[in-house]
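Visitor: Dropping a structure here in structure tokens format, bear with me for questions.
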Amino acid sequence: MTGRSPAPDVAIIGGGIIGAAAAAFLAAAGVRVTLYERSEIAAAASGRNSGVIQHPFDPVLVALYRESLALYRELASVSAGAFRFGDEPAGLLMIGPGEEAAAAAKIADAWADTYPGARPEIVAGGSLRDLEPALAPDLVACRLAIGYPVAPGSATRAYARLAEARGATIRLGADVALALDGDIAVGVLVDGRLQPAGAVLVAAGPWSPALLDPTGDWQPIRGIWGVIAQLDLPDAPRHVVEEFEIDIEPTSEPTEPAEADEDDGLGFSLITADGASALGSTFLEDEPQPDAFAAGLRERGSRYVPAIATAPLVSLRACARPVALDGRPLVGAVPGIDRAFVAAGNGPWGISTGPGTARLIADLALGRGVSVPAALDPARFGRVTPAIARQRDPLPG
């Protein structure tokens, strides 16, 4: 956007799945949109995840997930093959040692009671090996009819291209901050110069609180780091595979991401999409060195899929999942700052609920009379109190 361009109606900070999808939805409504991303589209969790669109376990998020499924199918229909989405889920196998059949039954009962459409069933022994020959012997699984593997980042990039095709502007590589006049968002500061906007949407994952309150007083989202090893795994399982320790039992209470082994921070999941197998994952408070976890991920994964032990390593990646303090995202107007919105904190459900989240925040910004569930309202974490007006008499960029 040049200095002579009209100010956008909405400036979006963040080029992940929510920011890119929101840009596409707003542009489709005739809104002038500029999206700012400091690195590249899908640079963080939206492009470095394991690559599965999964049914959430928290009922509060289910509506966002179901809306996201419909939006993904729509995206696949208009993206000329750049994003592919299966007609049916691949299925999820929650697995563990054979002696843990009671744990599998508990998971199946919980899903049957809450989401019977997932069609939970217990599979073990020869039946499990027939279903997935790559699995180790003497395992037991709860199979659920959920889970859509997708290439990581493909949906986010497809939404970004769609947004541009609809007239949105995307600016990469800029250092961006929220511009305020008192407690009113007036645009964004790009390399220190104001770019005015009628409203600002912050969709910057775990970095969103710092953009809204650089003092650090308002910090409802933190990053939980995951390390993913991409493997060249011939004859990989067709199902999404996760171990019991990654707890997915349905609950009506807000939950944080399930903890992996307390000693090493490791859990096991395996997702294969477009021929690439993603082995994960870790649940870490601090940014890791991915190389330090490669051997541990491989050892843990080979307990369930023996071929993981010798499969060639293609790459390693790490991402910070943006996790809200109560495990539920923040979606809505920023309490304490007029004309500012936030959509962040979806945690491990980012690509599973991202388009639905973007649709909700776009409709809210458009004044379409939608209501945000109280469980997602950012105001549940209190008001943002700008310590100073970071831009009172700005010079136009």
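The values are calculated or read from the model by the stated rules, or taken from the named source; none is laboratory data. Predicted model only: the values in this text are computed from it and were never measured. Note: ideal-geometry Cβ built from the backbone for every residue, glycine included; neighbour counts use all protein chains shown. Only protein heavy atoms, including side chains, enter the accessible area calculation; ligands, DNA and RNA are left aside. Shrake-Rupley method; radii C 1.70, N 1.55, O 1.52, S 1.80 Å.
Visitor: Using Cα atoms only, what is the angle between the long axis of helix 59-78 and the major principal axis of the chain, expressed in degrees (0 to 90) to the nearest 10?
Guide: 80 degrees
Visitor: Mean-square fluctuation check for the chain, GNM, Cα pairs under 10 Å: which of Gly275, Gly226, Gly332 is largest?
Guide: Gly275
Visitor: Express in whole angstrom the spacing between the alpha-carbon centres of the range 328-363 and the range 66-108.
Guide: Centre-to-centre (Cα) distance: 23 Å.
Visitor: Tell me the carbon and sulfur percent of the accessible area for the chain, rounded to whole percent, probe radius 1.4 Å.
Guide: Working: 7870 of 16030 Å².
That share works out to 49 percent.
Visitor: Assuming R0 = 56 Å, can you tell me the calculated FRET efficiency for the pair Gln289 and Ala70, based on Cβ-Cβ distance, to the nearest 0.05?
Guide: Between Gln289 and Ala70 the formula returns 0.90.
Visitor: Among Gly356, Gly367, Gly182, which one shows the highest mean-square fluctuation when the chain is modelled as a Gaussian network with alpha-carbon springs under 10 Å?
Guide: Gly367
Visitor: Given a Förster radius of 30 Å and the C-beta distance between Asp274 and Arg380 as r, what FRET efficiency does 1/(1 + (r/R0)^6) yield to the nearest 0.05?
Guide: Details: r = 38 Å, r/R0 = 1.28.
After rounding to 0.05, the efficiency reads 0.20.
Visitor: Mean residue ellipticity at 222 nm from the helices of the chain, using -39,500 (n - 2.57) per DSSP H segment of n ≥ 4 over the full residue count, to the nearest 500 deg cm²/dmol?
Guide: That calculation yields -7500 deg cm²/dmol at 222 nm.
Visitor: If you stretched the chain out fully between Ser127 and Ala80, how much longer would it get, using 0.36 nm times the residue separation minus the C-alpha to C-alpha distance?
Guide: 13.1 nm
Visitor: Would you work out the charge dipole size for the range 62-200 about its Cα centre, treating the Cβ of every Lys and Arg as +1 and the Cβ of every Asp and Glu as -1, and quote it to the nearest 20 debye? Numbers along the way, then the final one.
Guide: Numbers: 12 positive and 17 negative charges, 113 e Å.
With only Lys, Arg, Asp and Glu charged at Cβ, the dipole is about 540 debye.
Visitor: Determine the order of Arg161, Arg383, Arg143 by accessible area, beginning with the largest, at a probe radius of 1.4 Å. Present the calculation step by step, with values, prior to reporting the outcome.
Guide: Values: Arg161 115, Arg383 165, Arg143 45 Å².
Accessible-area ranking of Arg161, Arg383, Arg143, largest first: Arg383, Arg161, Arg143.
Visitor: About its Cα centre, how strong a charge dipole does the chain have in debye, to the nearest 20, once Lys and Arg get +1 and Asp and Glu get -1 at the Cβ?
Guide: It works out to roughly 1840 debye.
Visitor: Let me ask something additional. Rounded to the nearest 0.05, what FRET efficiency do Ala165 and Glu88 give with R0 = 25 Å and r taken as the Cβ-Cβ distance? Could you check?
Guide: So, using R0 = 25 Å, E works out to roughly 0.30.
Visitor: Okay, moving on. Compute the length gained on full extension between Leu366 and Ser39: take 0.36 nm times their separation in residues and subtract their Cα-Cα distance, giving the result in nm to one decimal. Intermediate results must be reported in sequence, preceding the final value.
Guide: Numbers: separation 327, 0.36 × 327 = 117.72 nm, distance 2.75 nm.
Taking Leu366 through Ser39 to full extension adds about 115.0 nm, to one decimal.
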